[in-house]
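Reading through the structure tokens given below for one structure.
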Amino acid sequence: VKTILKAMYKRAMVDSIIQKNIAEFIILPRMEEHEATPFTAEELGKFWALFDKGDYFVPYILLMCYTGMMPAELLACKKEFVDTEKREIVGCGAKTKVRKKSAIVYPAIMEPVVTAIMNGTGEKLIHINKDFFYDEFYACLERAGVEKKVPYSCRHTYATEAVKLGVHPAVVQKMLRHSTQKVQERYTHLSSQEAHDAAELFARG
């Protein structure tokens, strides 16, 4: 049917039976952008508390919050990509060439989390599909008593916390595996109070 309709459309265009520019007839639904917001320090604390209780899913949320991993990267990541000695993950980068070849680094505080994940069965870090992943993500937020946010909030958390800690923008760019700093800037969420705090760091010469 698709082939027949395609042939009829082409023939109609050749014979000028139909108007060639049909853009005016196309009405697209209004796109609503939902910007990911980072988790707060208090919410991160709730995730750690849930981890200490042995929750099976929260390690994955912590891994994304402290590495900037995207859900697609987590779902594609194999255990063989993880170098526990270097605290690096290489081989599961998604979307861009830079991410595919760059190492995802994680801090020493994440070692017990990574160990818990690596002790799971199978060759992958997590063995669920995308839809089930989202269901489990939101269920875990509810168990932790954390406000509902999207999985991409983990990546935004990583960027924002790095900037708060005074990490140089160029290093944050490297940590997020972004090709340009302009892209990285979309991931940092700083309040006006933080700007005031930074301003107060200046002293007379």
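The values are calculated or read from the model by the stated rules, or taken from the named source; none is laboratory data. In this text the structure is predicted, and so the values were computed from the model without any measurement. Here Cβ is always computed from backbone atoms with ideal geometry, including for glycine, and neighbour counts include all displayed protein chains. What goes into the accessible areas is simple: the full protein's heavy atoms, side chains included, and nothing from ligands, DNA or RNA. Shrake-Rupley method; radii C 1.70, N 1.55, O 1.52, S 1.80 Å.
In region 152-167, the residues that are over 11 Å from Thr37 (Cα atoms) reach residues that are among the charged types (D, E, K, R) and open to solvent by 10 Å² or more (accessible area, probe 1.4 Å) with C-beta atoms within less than 8 angstrom, at least six apart or across chains, in these pairs: Lys164/Glu194.
Go through region 117-136 and give me each residue that's touching a residue at least 60 places away in the same chain (Cβ under 8 Å) and closer than 11 Å to Pro59 by Cα. Answer for region 117-136, where residues must be touching a residue at least 60 places away in the same chain (Cβ under 8 Å) and closer than 11 Å to Pro59 by Cα: Leu125, Ile126. Restricting attention to region 91-105, the residues that are open to solvent by less than 40 Å² (accessible area, probe 1.4 Å) and either of a type in the set (A, V, I, L, M) or at pLDDT 90 or above (or both) total 3. In region 62-90, what residues are open to solvent by less than 30 Å² (accessible area, probe 1.4 Å) and in contact with a Cys (Cβ under 6 Å, 6 or more places away or on another chain)? Those that are open to solvent by less than 30 Å² (accessible area, probe 1.4 Å) and in contact with a Cys (Cβ under 6 Å, 6 or more places away or on another chain): Met64, Cys65, Glu73, Cys77.
The residue of region 76-103 that is nearest to the chain's Cα centre (by Cα), among those that are among the small types (Gly, Ala, Ser) and under 17 Å from Gly122 (Cβ atoms), is Ala76. Tell me, yes or no, whether region 139-157 has at least one residue that is assigned to a helix (DSSP H, G or I), basic (Lys, Arg) and at pLDDT below 90. No: zero hits. The set of residues in region 106-133 that are modelled with pLDDT under 95, under 16 Å from the mean Cα position of the chain (by Cα) and part of a helix (DSSP H, G or I) comprises Lys130, Asp131. Residues that are of a type in the set (D, E, K, R) and surrounded by 11 or more Cβ atoms within 10 Å (Cβ to Cβ) within region 106-129 comprise Glu111, Lys124, listed in sequence order.
Looking at Glu85, is it over 16 Å from Met70 (Cα atoms), among the charged types (D, E, K, R) and outside any helix (DSSP H, G or I)? Judged against the criteria, Glu85 is a match.
Can you tell me which residue in region 158-181 is nearest to Phe132 (Cα to Cα), limited to those that are part of a helix (DSSP H, G or I) and not aliphatic (A, V, I, L, M)? Selected residue: Tyr158.
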